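Structure record follows, encoded as structure tokens.
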């Protein structure tokens, strides 16, 4: 079937961005106005600390500019994503991005000047100006948390220059995996010779044809092996930089430094690894069930990603998907349901693929706009689940924006996956009770278990690898290719167990994981899903105020630290019980799958 052009897609299936700007004249008018305000903002540098009123007015001006920039970005970036071949849309996106850079430059004085002025002086301003405390108290508190880790103005400029010089390591690794490495060719299911890439590897490693996935596995890692020393040098340089900068800023470790911005204790990170490590037996059991379902005498690493379900080709229209998702989320109450319906009635969603449209799915928008969703809906069960997932993000954004001033209107990345995973879990639980055939139930259970495997077990393994190599570096050990290979291989052995043949090639897998250059980021995927499991368990079991507390959490935006916001929903990530409850949920789904497969 030929893919439609953007113009051929019916309007009712497109998001309505005219609610942001009706035409290009409106866009241009706001662009020019904010551009002038950005240029004028620099004038505040030498006066904003002269009085409490000046400080207040400068903060108001800063967030007003930022708010309009986000609105401009929402519109131009989403127009670009509709059709990346449209040169006019691309030009507008680049113009707005340039404005962001200019604003960042013109406003760069704020934090260093505030820190130089000192928390005691700012507290005096807060005491004499109640609007500062009421509207910007948490903003200022968060800035002054950095006081003990901030250097002199001259040193900060030096650090900034060095950061730019050391910021290329991830780009080097990405360039190798995405562009420079020739992975060679393999034969697909039909016997056609196809070129293997880092991107299409996922397609072939999930193939039902064992020869295809084996060849893809062997071919990919053979190519990566040739660049082992280059990748090792790149990652070691990144770890070196992180360790050096954290030490200069008076942190005990680069792990502590990376968690600081979210005000998260190292204990939370370690608690995740420790609790998951104690529950690996259920993951091993899942692999044994997979091996039996696939009728394999022995299971290799290239077998673990193939789907165990057979011939589940159910197709859903978008109207059916809409109905299923809305029904599955009715448990969250009337107000949530009314807002959810607005997403469909007011065309927040761009539904179908078209020529030039970017792939995947996301929730976008800004503080001043609707929380728009981009989909590439093709009618699979996964597409329906994705709709529920992305609506979770959008509803979180909606409640955050509507219940907070702009400075607190955006939630932190740390909690970003909680609402989306709550929706996805509620949807899958609803569908488990709705579908009628054994095969459909197996399909849904397998998707849920794969979600746990990917988002908790695998990401925790990555988190543990980051911790190990960081600690080795900080103790003075050189991160050679051999060290990185050995440590990664030992972790794969730990997380996959003795019943799976741990193919030697897997020791090079760390080379293709871009998140290792994100400074201890991946653990947030695991804690996000674990938090969602805890919330969903309370809602489904009818725990007192579980639903109301969750909805209150959605309204918190960025007005407090992420861990404190989660406590509103009954989630305390300093308590191992939260991670354990997710492990227990995985076990329950696993036992249900095992029972179905044995009947």
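The values are calculated or read from the model by the stated rules, or taken from the named source; none is laboratory data. Not measured: the values here are computed from a predicted model. Here Cβ is always computed from backbone atoms with ideal geometry, including for glycine, and neighbour counts include all displayed protein chains.
In this entry, residue 498 passes the filter for residues that are surrounded by fewer than 18 Cβ atoms within 10 Å (Cβ to Cβ) and assigned by TED's automatic domain parsing to the domain that holds residue 280. In contact (Cβ under 8 Å) with a residue 12 or more places away in the chain, within 30 Å of residue 260 (Cα to Cα) and in a loop (DSSP other than H, G, I, E, B), is that true of residue 410? Yes, satisfied. Taken as a whole, the condition of being touching a residue at least 12 places away in the same chain (Cβ under 8 Å) and assigned to a loop (DSSP other than H, G, I, E, B) applies to residue 4.
Report yes if residue 492 is surrounded by 15 or more Cβ atoms within 10 Å (Cβ to Cβ) and within 18 Å of residue 205 (Cβ to Cβ), otherwise no. Yes; evaluated as a whole, the condition is true for this residue.
Listed by position, the helices (runs of 4 or more DSSP H) enclosed by segment 246-331 that each have at least 2 residues that are over 28 Å from the mean Cα position of the chain (by Cα) and in the same structural domain as residue 449 (by TED's automatic domain parsing) are 280-293.
Considering only segment 343-360, I want to know if a residue exists there that is under 24 Å from residue 502 (Cα atoms), modelled with pLDDT of 95 or more and more than 23 Å from the chain's Cα centre (by Cα). No, there is no match, as no residue in segment 343-360 is under 24 Å from residue 502 (Cα atoms), modelled with pLDDT of 95 or more and more than 23 Å from the chain's Cα centre (by Cα). All conditions in (1) surrounded by fewer than 17 Cβ atoms within 10 Å (Cβ to Cβ); (2) free of Cβ contacts under 8 Å to residues at least 60 places away in the same chain; (3) within 22 Å of residue 509 (Cβ to Cβ) hold for residue 167, with the sole exception of (3). The single condition among (1) crowded, with 19+ Cβ neighbours inside 10 Å; (2) under 20 Å from residue 425 (Cα atoms); (3) out of contact with any helix residue (DSSP H, G or I) (no Cβ under 6 Å at 6 or more places or on another chain) that residue 571 does not meet is (3).
When each of 55, 99, 158, 72 is tested for being over 30 Å from residue 25 (Cα atoms) and in contact (Cβ under 8 Å) with a residue 24 or more places away in the chain, the lone residue that passes is 55.
For every residue, the table says whether it meets (1) more than 21 Å from residue 305 (Cβ to Cβ); (2) in contact (Cβ under 8 Å) with a residue 12 or more places away in the chain; (3) surrounded by 16 or more Cβ atoms within 10 Å (Cβ to Cβ); (4) more than 27 Å from the chain's Cα centre (by Cα).
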position: 173; (1), (2), (3), (4): yes, yes, yes, no
position: 176; (1), (2), (3), (4): yes, yes, yes, no
position: 183; (1), (2), (3), (4): no, yes, yes, yes
position: 190; (1), (2), (3), (4): no, no, no, yes
position: 205; (1), (2), (3), (4): no, yes, yes, no
position: 213; (1), (2), (3), (4): no, yes, yes, yes
position: 221; (1), (2), (3), (4): no, yes, yes, no
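Of the residues making up segment 17-27, just one is without any contact (Cβ under 8 Å) to a residue 24 or more places away in the chain and surrounded by 13 or more Cβ atoms within 10 Å (Cβ to Cβ), namely 26. Scanning segment 279-295 for residues that are in contact with a helix residue (DSSP H, G or I) (Cβ under 8 Å, 6 or more places away or on another chain) and touching a residue at least 60 places away in the same chain (Cβ under 8 Å) yields 279, 280, 282, 283, 284, 285, 286, 287, 289, 291, 292, 293. Taking the criterion of being surrounded by 18 or more Cβ atoms within 10 Å (Cβ to Cβ) and either at pLDDT below 95 or within 12 Å of residue 173 (Cβ to Cβ) (or both), the residues of segment 229-240 that qualify are 231, 232, 234, 235, 236, 238. Scoring residue 326 on the criteria (1) over 29 Å from residue 220 (Cα atoms); (2) touching a residue at least 60 places away in the same chain (Cβ under 8 Å) leaves a single failure, condition (2). Looking across segment 166-211, just one residue is touching a helix residue (DSSP H, G or I) at 6+ places or on another chain (Cβ under 7 Å), part of a loop (DSSP other than H, G, I, E, B) and at pLDDT below 90, and that is 166.
Residue count for segment 565-584, restricted to those that are in a helix (DSSP H, G or I) and touching a residue at least 12 places away in the same chain (Cβ under 8 Å): 10.
Can you say whether residue 273 is modelled with pLDDT under 95 and within 27 Å of residue 530 (Cβ to Cβ), as far as the supplied structure shows? No. Only one of the numbered conditions (1) touching a helix residue (DSSP H, G or I) at 6+ places or on another chain (Cβ under 8 Å); (2) outside the structural domain of residue 412 (by TED's automatic domain parsing) is violated by residue 237, and that is (2).
All conditions but one from (1) without any contact (Cβ under 8 Å) to a residue 60 or more places away in the chain; (2) out of contact with any helix residue (DSSP H, G or I) (no Cβ under 9 Å at 6 or more places or on another chain); (3) in the same structural domain as residue 447 (by TED's automatic domain parsing) apply to residue 378; the one that does not is (3). State yes or no: is residue 414 buried (at least 20 other Cβ atoms within 10 Å of the Cβ), assigned by TED's automatic domain parsing to the domain that holds residue 555 and under 18 Å from residue 573 (Cα atoms)? Yes, satisfied. Quick check, is residue 561 surrounded by fewer than 24 Cβ atoms within 10 Å (Cβ to Cβ) and assigned by TED's automatic domain parsing to the domain that holds residue 455? Here the answer is yes, as residue 561 does meet what is asked. Under the condition of being touching a residue at least 24 places away in the same chain (Cβ under 8 Å) and not in a helix (DSSP H, G or I), which residue from segment 33-48 is surrounded by the fewest Cβ atoms within 10 Å (Cβ to Cβ)? Among those residues, the one meeting the criterion is 45.
Here segment 134-148 is the region considered, the condition is being in contact with a helix residue (DSSP H, G or I) (Cβ under 6 Å, 6 or more places away or on another chain) and in contact (Cβ under 8 Å) with a residue 40 or more places away in the chain, and the residue that is surrounded by the fewest Cβ atoms within 10 Å (Cβ to Cβ) is 139.
Return yes or no: is residue 14 surrounded by 12 or more Cβ atoms within 10 Å (Cβ to Cβ), in the same structural domain as residue 129 (by TED's automatic domain parsing) and farther than 30 Å from residue 117 by Cα? Yes; evaluated as a whole, the condition is true for this residue. Taking the numbered list (1) touching a residue at least 60 places away in the same chain (Cβ under 8 Å); (2) farther than 20 Å from residue 519 by Cβ; (3) outside any helix (DSSP H, G or I) in turn, residue 151 passes all entries but (2). Looking across segment 345-363, the residues that are within 17 Å of residue 374 (Cβ to Cβ) and surrounded by fewer than 17 Cβ atoms within 10 Å (Cβ to Cβ) come down to 346, 353, 355, 356, 358, 359, 360, 362.
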